[in-house]
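Have a look at the structure below before the remarks.
The values are calculated or read from the model by the stated rules, or taken from the named source; none is laboratory data. Fair warning: this is a prediction, and the values are worked out from it, not measured in the lab. Neighbour counts run over all protein chains shown; Cβ positions are idealised from the backbone, glycine included. Keep in mind that these areas ignore ligands, DNA and RNA; they rest on the heavy atoms of the full protein, side chains included. Shrake-Rupley method; radii C 1.70, N 1.55, O 1.52, S 1.80 Å.
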Amino acid sequence: MLPFTYFRPRTLDEAIEALRAGGESTKLLAGGTTLYDMMKIGVEAPAAVVDIHLLRELDHLEVRAGELVIGAGARMSAVSAHPEVRRLFPAVSESLWRSASQQLRNMATIGGNLMQRTRCAYFRGGVPYPCNKRDPGTGCAARDGVDGGMAVLGTSDDCIATYPGDLAVALVAFDAVVDVLGPDGARSLPVAQLRPLPGDTPHVEHVLRPGEVITQVRLPITAVAAKSAYLKIRPRESYAFAFASAAVGLVLAGSPAEAAVIECRIALGGVSTVPWRAAAAEQWLIGRPLTEDAARTAGEIAMRGAEPGRANAFKVELGVHTVAQSLLSLSRSES
Amino acid sequence: MVVPTTFTVNDTHQQLDLDPRESLLDVLRERLRITGPKKGCDQGHCGACTVHLDGQRVLSCLTPAVQVEGRHVTTIEGISGPGGGLHPLQEAFIENDALQCGYCTPGQIMSGIACIAEGNAGTDDDIREYMSGNVCRCGAYPGIVAAIRQCAHRTEAS
């Protein structure tokens, strides 16, 4: 690991000033589970680190004015176990406790989780593997490499790296917004817009401006979010990244025998380069009874446009089933 | 760069000049000669380096040591009772044959103590889920689950 300057600001304003003054080679450190890990393997080599892990201004969690507000510095374990999160947003709670391990969840923050970088082995592998995300213009080793874990949705010629997180999938499904603070003041943007598709600039992984810090996540409290779930399919039962995952929410009306979908939310993880909201599948389901056939069709619509490589074609069918199963389980638990 | 850092390990005060690159694991093992926390993967995958930070289990290999300023670190060396006897979970590991080579054991026990304290040891499924961050190369998992279950029930009963 290359030497770096360490700074522990006492306030958020000090942190933003340090980020602004330091420029691109200055990075924020919170829980350390992504940045410090990547510094250890040489993929990140910041000249300076601004440690915000103890900033009190960032560790709040509260319900107010029709919203759940989660501070960017709140720990994954605390948010997952919070009674209001479990009651109002089961899918968010589940997406958190199905991520990583309890030790990592005690360390990792909500803001850091949203900024988590891909686990693509070629990105993490460093030299000799070319990677457009790590070293722009060098090529993509995953394209001709071991691509079983790579994305099938939202890919480009230059990058097929899977977005690894779970939380953002649930946040995207339920229209979460992030508040950011920077040298030019405060602004808000939907979590769905935080990460651009890789296109021909896969090294651009977020739309935050220099010096901006995520301060909190806000989730509108809705009936559909309270009836939600997160299904994660992975190579082992626990402590693994998703092959496919789905955050779904469902409101049904009518008699149990022929209840129709009034509202629904579907977002996918593990199969795409960014958290993937399946709006067309949601639209298609509205007004229909949630039969097994309908759930499967919704899954097929959600996976429409998938472009598998050589070893990851299984993710297309797995994605369809993950959506279908999550919807059907949710409808059964509701009725 | 040197960062003066003050913290406690197992209730003993420590004051060290740290390079911000140093992990808590390396500081414990190489500087303080507290070798209970083990270096397995050094990448946050295996759990062998698990310690408690202000009572919560964390991975010392992914904790920059400068981050423990003003905080309390507990390792396997710090869990025995006042008389120096074994912790009830250590006893349960012996009774249930929950180890072979023993390399992962300090991490398993630190994680297990926290798992019980968090209330995540109510069922075998919960124990497996909330202990999944601790890998055992010898495959002593049935014994580990049994030891934690037994200790959790005894804790509840007492």
Could you tell me which numbered condition A:Pro183 fails, if it satisfies all but one of (1) modelled with pLDDT of 95 or more; (2) within 24 Å of A:Pro210 (Cα to Cα)?
(1)
Within the range A:113-135, residues being crowded, with 23+ Cβ neighbours inside 10 Å and in contact with an Asp or Glu (Cβ under 9 Å, 6 or more places away or on another chain) number 4
Out of A:Asp13, A:Asp59, I need the residue that is surrounded by fewer than 19 Cβ atoms within 10 Å (Cβ to Cβ), free of Cβ contacts under 8 Å to residues at least 40 places away in the same chain, within 14 Å of another protein chain (Cβ to nearest Cβ) and under 20 Å from A:Val178 (Cα atoms). Which one?
A:Asp59
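Per-residue answers, yes or no, for (1) away from chain A (no Cβ under 14 Å); (2) touching a residue at least 60 places away in the same chain (Cβ under 8 Å); (3) within 27 Å of A:Ser99 (Cβ to Cβ):
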{"residue": "B:Gly84", "(1), (2), (3)": "yes, no, no"}
{"residue": "B:Asp126", "(1), (2), (3)": "no, no, yes"}
{"residue": "B:Val135", "(1), (2), (3)": "no, yes, yes"}
{"residue": "B:Tyr141", "(1), (2), (3)": "no, no, yes"}
Filter the range B:133-149 for residues that are part of a loop (DSSP other than H, G, I, E, B) and either over 20 Å from B:Val51 (Cβ atoms) or among the charged types (D, E, K, R) (or both); the one that is most open to solvent (accessible area, probe 1.4 Å) is B:Arg137
Among the candidates B:Asp26, B:Asp17, residue that is within 14 Å of chain A (Cβ to nearest Cβ) and surrounded by 14 or more Cβ atoms within 10 Å (Cβ to Cβ):
B:Asp26
Of the conditions (1) of a type outside the set (Asp, Glu); (2) within 17 Å of A:Ala168 (Cα to Cα); (3) within 14 Å of chain B (Cβ to nearest Cβ), A:Thr118 clears all except one; give me its number.
(3)
Quickly run through the range A:151-188 and pick out the residues that are in contact with a strand residue (DSSP E or B) (Cβ under 6 Å, 6 or more places away or on another chain), closer than 18 Å to A:Gly112 by Cα and assigned to a strand (DSSP E or B).
A:Val177, A:Val178, A:Asp179, A:Val180, A:Leu181, A:Ser188
Out of A:Ala74, A:Ala30, A:Ala91, A:Ala100, report the one residue that is in contact (Cβ under 8 Å) with a residue 40 or more places away in the chain, buried (at least 19 other Cβ atoms within 10 Å of the Cβ), within 14 Å of another protein chain (Cβ to nearest Cβ) and within 30 Å of A:Leu327 (Cα to Cα).
A:Ala100
Helices (runs of 4 or more DSSP H) enclosed by the range A:220-318 - at least 2 residues per element that are of a type outside the set (Gly, Ala, Ser) and at pLDDT 95 or above:
A:279-285, A:292-302
